[in-house]
1. Quick one: check the C-alpha center-to-center distance for region 70-115 versus region 1-35, whole angstrom.
2. Local charge sum around residue 35 (other residues, Cβ-Cβ under 13 Å, Lys/Arg +1, Asp/Glu -1)?
3. Calculate, in nm to one decimal, what residue 129 and residue 113 gain on full extension: separation in residues at 0.36 nm each, minus their alpha carbon distance.
4. Which one, 147, 163, 130, projects farthest toward the positive side of the charge dipole computed for the chain from Cβ point charges (K/R +1, D/E -1)?
5. 222 nm [θ] for the chain, helices only, -39500 (n - 2.57) per DSSP H run of 4+, per residue, to 500?
6. The chain: longest stretch without exposed trypsin sites (Lys or Arg not before Pro) (DSSP loop, at most 15 other Cβ within 10 Å), sites themselves excluded?
7. Mind pulling the angle between the C-alpha long axis of helix 101-128 and the longest principal axis of the chain? Nearest 10 degrees, somewhere in 0 to 90.
8. Residue 85 versus residue 178, label points 7 Å from Cα toward the beta carbon: distance in nm?
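Derivation of every value follows stated rules applied to the coordinates shown; laboratory data play no part. What you see is a predicted model, and the numbers here were worked out from it, not measured in a lab. Don't worry about glycine lacking a Cβ; one is built from the backbone with ideal geometry, like all the others, and counts go over all protein chains shown.
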Amino acid sequence: MRLFWERGYHATSTRDLTEAMGLNPGALYAEFGSKEGLYLEAVRRYEGTVVPGHFATLEAPGASLEQIGAVLNFMGGIGAYDGSHLGCLLCNAGIELAPTLEQSEASTARFLDRLTRAFGHALENARASGRLVEDAPVDELARFFPTVLMGIFLLARARVDAAVMRAAADQALARLASVTARGRGGLAPVA
């Protein structure tokens, strides 16, 4: 997973993979069928381990404004973390169209859908508890926040100045603050 994440599907050779895994090519093909099979397994592993590590708080039953704010704030600061230049394996695959256009589109769509549902869940909880203004566009925001995050991941991969990513997250946080109900447990300021 790490090798594909660092180099991308097309720039990672079977030889690179067998050397990194300490396998001979026959073992790789016996276990995964092909480089593509190994890549698809790496994507499944990423979806099962890395994605929940960042977004499970949004999917938790009581998720609300604090969790949205924490995720946006953390992601806005990823440019300052070691390894952030890797971006997101799923976003990288979407750009690289790897391993095939259809599989790339499917993994990107799954990721976007998961993030949209997670943000929507937290926003609906906030609305149900009266923490959003009455006409807050929950569906629109549930689509907007993942778009911002996916853009941040791509900027991180391109090694864009961390201040640009921070500014994008700050704008998303400002948009969220603009729909919070004042005096009703709205979003606390996030540093």
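1. What the calculation gives is 20 Å, centre to centre.
2. So the environment of residue 35 carries a net charge of -2.
3. Working: separation 16, 0.36 × 16 = 5.76 nm, distance 2.42 nm.
Working it through step by step, the gained length comes to 3.3 nm.
4. 130
5. Values: 9 runs with 132 residues, N = 191.
Theoretical 222 nm ellipticity from helices: -22500 deg cm²/dmol.
6. On the way: sites that count: 159, 182, 184.
That would be 1-158.
7. The helix 101-128 is inclined about 20 degrees to the chain.
8. That separation, rounded to one decimal, is 3.5 nm.
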